[in-house]
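For reference, the structure discussed in these notes is given below.
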Amino acid sequence: MSDLPSVMPPDPDEPLPFEHTEKMSERLRPLLPWLVMGAFLLLWEAVVRLFHIPVFLLPAPSAVAASLIEWAPQIRDNALATLATTVAGFALAIVFGVAGGVTIGSSATLYAAFYPLLIGFNAVPKVAIVPILVVWFGIGAVPAILTAFLISFFPILVNVATGIATVEPELKDVLRALGASNRQIVAKVGLPRAMPYFFASLKVAITVAFVGSIMSETVASNVGIGSLMMTASARFEVPLVFAGLVVTAVMGILLYLVAEAIEKRVVGWAMRGHR
Amino acid sequence: MSTTAASPATPPFVELRDVALAYGATAATLAVERLNLAVADGEFVAVVGPSGCGKSSLMKVVTGLWPPSRGRVTVDGTAVKGPLGIVGMAFQNSVQLPWRTVLDNVMLPLEIVEPHASRLRRERRSYEAKARDLLQLVGLAGYDRQHPWQLSGGMQQRASLCRALIHDPRLLMLDEPFGALDMFTREELWGVLQDLWIARRPTVILVTHDLREAVFLADRVLVMSARPGRIVAEYTVPFPRPRTLETTYLPEFTELTHELRRLIAEARVGVAPEVSS
Ligand SMILES: Nc1ncnc2c1ncn2[C@@H]1O[C@H](COP(=O)(O)OP(=O)(O)OP(=O)(O)O)[C@@H](O)[C@H]1O
Ligand SMILES: [Mg+2]
């Protein structure tokens, strides 16, 4: 002991005392969502069994799982159809949302001119638009795609426009001082600056896109998870309705994770290394 | 052997005539007023003055970032209507684009200013080498792949100096480029900047709070009054080049900095300073 030098370089493997508790909770963190979900399902199952809730009111998770297995092929086909519609509408929303956001965000005049209209448009409940879309395009995938598009377009546009419109004047000045054109300023500062906003909006947009397509499928289609759930509920197959909800939630989470993974790669700078 | 102010034979490279700049509509918002200034081609001018007197505003007017409310600004014989590519500018706070690496930040002007912009794709290698040379010159060798937010404030300022220089501007506008640096690094960079100036002879307008820096680097030091700022005194610095740190210990050097300090102190309290030159 006494032979040791008074100042030791820190051993990288040895956790500092105050880091110990931190480490424990950090190791647990990835497990936490699963633990919470498991507890939730257990509680649900227990409540249904304890109070003898009839299956057509609230099926237990076990009943939902059984239904998932029983109807697996139908669920898979309809889920894939919904996924395709949602992704198509979402892709349209990205294209038009980014184009519109760049246009509106890079001009104060256009921003002032169009913003109220867009707010009003966004306030219209999309469920009220579906019948109109059916009148125009008939029953099928098109109304679902368009509903997904309409509902997810707005958050993307607003976020991209905001990201570009709020570029710090100092950043613009760096380029302006070099004689850069407005287009160059948007390309070199506006767009990169708007990327964190864009990805934040994607995570919102992808979930509401599902809301849009499924909502449309319930009234205006005979394929898709929404249509499947409507049929099931008409036949009092309540566990199947719940199975449809579960599948939708899982697809939503998966696409969210994809958006998040891309975001981390592309706009890591915005997190300044605190990932 | 200092370059003196523009003689009638050679027209000044930068000229301000009776320039005023107001940020708002009223006279109360005047940042600079009755500003007259002539800088010869290849001259190194330093501007000193109390804080808030309009030095940064002067820079914005000369670079064309802000149009003057009154008066006329000419650079290289033509009236300034907007920003020019022949200008390199380092801002008071080193504004870096956080999504770009240090190297890409330094190379930003090359993507905009001709003829570099059209050559950049083909000659990327040699331009990159040039950017790395500049980074090395200011002591940032090896940081080119880092992001600006991974650098200290002083390091970011050095990177912003490189960005101002990369496209070989004929007019260099430096707004307190060494403000966030420690004294040793600052004095080292004085030498770097002087060498660059001797080698390429750009016209330089340097705003600084450091009077020793002004006297060390400049051919001519201009003193501005309190807001609304105008030039109230001007000194020609007699020391031969290249100047070294030894120069700063000369009695004449100290005398000149003391004189400048006295003028600025007077300008701060608003006493009309006695102009001697
Ligand atoms: N964008 C702006 N809008 C309104 N007023 C401004 C703006 N920029 C500067 N001012 C005002 O103009 C005056 C001059 O500002 P300027 O930045 O030119 O001073 P400065 O001499 O560079 O000061 P410092 O030495 O502290 O950097 C200040 O009083 C400031 O309040
Ligand atoms: Mg300033």
Query raised in the report: Across the range B:202-246, which residue is farthest from ligand 2 (Cβ to nearest atom) among those that are open to solvent by 10 Å² or more (accessible area, probe 1.4 Å) and among the β-branched types (Val, Ile, Thr)?
Result: B:Thr244
Query raised in the report: List, please: which pairs have Cβ atoms under 6 Å, are six or more places apart or on different chains, and start with a residue in the range B:221-247 that is assigned by TED's automatic domain parsing to the domain that holds B:Val48 and closer than 18 Å to B:Arg186 by Cβ and end with one that is within 14 Å of ligand 1 (Cβ to nearest atom) and open to solvent by less than 20 Å² (accessible area, probe 1.4 Å)?
Result: B:Val221/B:Ala46; B:Val221/B:Ala214
Query raised in the report: Here are some residues: B:Val95, B:Val73. Which one is more than 27 Å from B:Ala267 (Cβ to Cβ) and within 16 Å of ligand 1 (Cβ to nearest atom)?
Result: B:Val95
**Report entry** Answer residue from the range B:30-64, given it is within 16 Å of ligand 2 (Cβ to nearest atom) and open to solvent by 50 Å² or more (accessible area, probe 1.4 Å) and is nearest to A:Leu175 (Cα to Cα) among those
**Finding:** B:Lys60
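Scan the range B:138-154 residue by residue and report those that are touching a residue at least 24 places away in the same chain (Cβ under 8 Å) and either at negative phi or within 13 Å of chain A (Cβ to nearest Cβ) (or both).
Applying the first criterion (touching a residue at least 24 places away in the same chain (Cβ under 8 Å)) to the range B:138-154 yields B:138-140, B:143-149, B:151, B:153-154.
Selection gives B:Val138, B:Leu140, B:Tyr143, B:Asp144, B:Arg145, B:Gln146, B:His147, B:Pro148, B:Trp149, B:Leu151, B:Gly153, B:Gly154.
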Query raised in the report: Would you say A:Pro131 is of a type outside the set (A, V, I, L, M, F, W, C) and at pLDDT below 90?
Result: yes
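In the range B:14-28, what residues are within 16 Å of ligand 2 (Cβ to nearest atom) and hydroxyl-bearing (Ser, Thr, Tyr)?
In the first step, residues of the range B:14-28 are kept if they are within 16 Å of ligand 2 (Cβ to nearest atom); the result is B:21, B:23.
The one that is within 16 Å of ligand 2 (Cβ to nearest atom) and hydroxyl-bearing (Ser, Thr, Tyr): B:Tyr23.
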Requested in this report: Being open to solvent by 50 Å² or more (accessible area, probe 1.4 Å), within 16 Å of ligand 2 (Cβ to nearest atom) and either aliphatic (A, V, I, L, M) or not assigned by TED's automatic domain parsing to the domain that holds B:Ala226 (or both) narrows it down to one of B:Gln150, B:Gln92, B:Gln136, so name that one.
Outcome: B:Gln92
Query - Among (1) within 16 Å of ligand 2 (Cβ to nearest atom); (2) open to solvent by less than 50 Å² (accessible area, probe 1.4 Å); (3) closer than 22 Å to B:Asn36 by Cα; (4) of a type outside the set (S, T, N, Q), the one test that B:Arg268 misses - result: (2)
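Out of all the residues in the range A:221-275, which are among the small types (Gly, Ala, Ser), away from chain B (no Cβ under 14 Å) and assigned to a helix (DSSP H, G or I)? Outline the logic, then answer.
Step one: filter the range A:221-275 for residues among the small types (Gly, Ala, Ser), giving A:221, A:224, A:226-227, A:232-234, A:243-244, A:249, A:252, A:259, A:261, A:268, A:270, A:273.
Restricting the remaining residues to those that are away from chain B (no Cβ under 14 Å) gives A:221, A:224, A:226-227, A:232-234, A:243-244, A:249, A:252, A:259, A:261.
Correct list: A:Gly226, A:Ser227, A:Ala232, A:Ser233, A:Ala234, A:Ala243, A:Gly244, A:Ala249, A:Gly252, A:Ala259, A:Ala261.
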Report task. Could you figure out which of (1) more than 16 Å from ligand 2 (Cβ to nearest atom); (2) under 30 Å from B:Arg145 (Cα atoms); (3) open to solvent by 30 Å² or more (accessible area, probe 1.4 Å) isn't true of B:Pro67? Result -> (2)
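The values are calculated or read from the model by the stated rules, or taken from the named source; none is laboratory data. Not measured: the values here are computed from a predicted model. Here Cβ is always computed from backbone atoms with ideal geometry, including for glycine, and neighbour counts include all displayed protein chains. We work out accessible area using only protein heavy atoms, side chains counted, and drop any ligands, DNA or RNA first. Shrake-Rupley method; radii C 1.70, N 1.55, O 1.52, S 1.80 Å.
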